[in-house]
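Have a look at the structure below before the remarks.
Just so it is clear, none of the values below were taken in a lab; they were calculated from the coordinates. Note that the structure is a prediction, hence the values are computed from the model and not measured. Positions of Cβ are generated from backbone atoms using ideal geometry, with glycine treated the same way; all protein chains shown enter the neighbour counts.
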Number of protein chains: 2
Amino acid sequence: MTVIFSKKCEYGLQAILYLAANDNSDVVKSEEISHILNIPKEFISKILQSLTESGLVYSKKGKSGGFALAKAPNKIRLIDIVTAIDGMSMFNNCVLGFPHCSPDHPCPLHEQWGELRTKAYNMLTDETLDQLKEKTLKKIGHLKN
Amino acid sequence: MTVIFSKKCEYGLQAILYLAANDNSDVVKSEEISHILNIPKEFISKILQSLTESGLVYSKKGKSGGFALAKAPNKIRLIDIVTAIDGMSMFNNCVLGFPHCSPDHPCPLHEQWGELRTKAYNMLTDETLDQLKEKTLKKIGHLKN
DNA sequence: CTTTAATCAGACAATAAAATCCGATTATAA
DNA sequence: TTATAATCGGATTTTATTGTCTGATTAAAG
Ligand code: SF4
Ligand code: SF4
């Protein structure tokens, strides 16, 4: 079971955070991302390709090619990646899987879930990538070991 | 993508809520649950079978057989169903899929996610099935239409 | 200009989740 | 006692997700 996001999305988020943390360097090759984050090389490559189409990532071909953010880190939020990969369905659908969700026909968890959904959205929206950089570096430092 | 729970788990939760709402009647046959909740008959049957093994559901074989709660509705909480079907991994794992989660090596969303996780747990734990009955009946009433 | 090292693109394979099918079994009711 | 209607249990199919392979393409560097 996934926690909330698909593996694709989790990997995408991790990779984007890594790119933001390496903002100084030109481009990062997929092999490096694969190695550090423990993601199959071809898989993360594929995911970053799709994020390139979405305009979030810049990719450079040929020797000394790789990936980088397409925009300034203060212009990107985690929600952008989620939207591009998993879409917004988790913010519209019911935790219990009931159809026709609306305040008129609330399910037994309506209130609690509505609040959680909003907070989850804020969690992904409040900060931009540059604001997350410090914390990302700390976490990634421990992964290397 | 699933919101949080697998389809199996969503269906299980819905069915359990339905059984609790029909607490008066003896047993409910899988065909009825299937029809009302729009779940493949054989699928919900299988799920309720597994919940029977877990001791949450009582099943009666033969003609006029069906399913019912194995315990009093005030002894069952939604978390019990989640635990039985999806397990507790969502309450231990990282939203971002990072390994080795611990407060010492927090990921960038540590604080927010930790809070959400707790609230999600409470949402499934605070109320027992009998306390949810009223709201369930209201929701199911609208499904029938 | 040629070699090389990388992405790109898209087909392909493996695994997991969701749904279906069916024969065996069981218990009720006629 | 017999026919019936339901679950049980397991095999099977289908579909979605995850992961892998490979050849073409691209751009830098010698
Ligand atoms: S209103 Fe109720 S049914 Fe709809 S998503 Fe919220 S909790 Fe689920
Ligand atoms: S501590 Fe950080 S890494 Fe671990 S689950 Fe919480 S948010 Fe994720």
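Assorted remarks:
- If you take the Cα centroid of segment A:5-80 and the Cα centroid of segment B:1-47, the two points sit 41 Å apart.
- In segment A:78-145, the alpha-carbon atoms span a convex hull of 125 Å³ per residue.
- Net charge of neighbours whose Cβ lies under 14 Å from the Cβ of A:N93, counting Lys and Arg as +1 and Asp and Glu as -1: 0
- Directionally averaged projected area (segment B:7-144, Cα convex hull): 9.5 nm².
- Computed 3J(HN,Hα) for segment A:37-42, one whole-Hz value per residue from the Karplus formula 6.51 cos²θ - 1.76 cosθ + 1.60 where θ = phi - 60°, is 8, 6, 10, x, 3, 5, glycine and proline marked x.
- With the label put 7 angstrom out from Cα along the Cα-to-Cβ vector, B:F43 ends up 2.5 nm from the copy partners, going from closest to farthest.
- Check: segment A:7-144 dipole with +1 on Lys, Arg Cβ and -1 on Asp, Glu Cβ, in debye: 580
- Ranking of A:F67, B:F43 by neighbouring Cβ atoms within 10 Å, starting from the fewest: B:F43, A:F67.
- Mean separation of Cα contacts under 8 Å, 6 or more apart, over the residue count of chain B: relative contact order %: 29
- Per-residue average of Cβ from other chains inside 10 Å of A:80-93: 1
- Rel. contact order, % - alpha carbon contacts under 8 angstrom, at least six apart, segment B:20-71: 38
- Label geometry 7 Å along the beta-carbon vector: A:K7 inter-copy distances in nm: 1.9
- Surrounding net charge for B:G12, when Lys and Arg each add one and Asp and Glu each subtract one, Cβ distance under 12 Å: 0
- For the pair A:K119 and A:S89, label points projected 7 Å from Cα toward Cβ lie 2.5 nm apart.
- Here the relative contact order of segment A:63-127, from alpha carbon pairs under 8 Å that lie six or more residues apart, stands at 44 percent.
- Efficiency of FRET from Cβ geometry, A:S25 and A:K138, R₀ 25 Å, rounded to 0.05: 0.85
- Highest-first packing order for the peptide set A:73-79, B:68-74 is A:73-79, B:68-74, based on the mean count of other beta carbon atoms within 10 Å.
- Which of B:L48, B:L17 has the fewest Cβ neighbours within 10 Å, and the rest in rising order: B:L48, B:L17
- Sorted from shortest to longest, the distances between the A:T118 label points of this copy and the other copies are 2.0 nm, with each point 7 Å from Cα along the line through the beta carbon.
- Per-residue shielding of A:98-107, expressed as the average number of other chain Cβ atoms within 10 Å of the residue Cβ, stands at 4.
- Charge tally in the Cβ shell below 13 Å around A:K71, where Lys, Arg are +1 and Asp, Glu are -1, A:K71 excluded: -1
- Reduced Cα scattering model of the protein assembly as shown, Debye log10 I(q)/I(0), q = 0.09, 0.12, 0.13 Å⁻¹: -0.52, -0.81, -0.89
- Ignoring lysines fewer than eight residues from A:K135 along the same chain, the ones with Cα atoms less than 17 angstrom from its Cα are A:K144.
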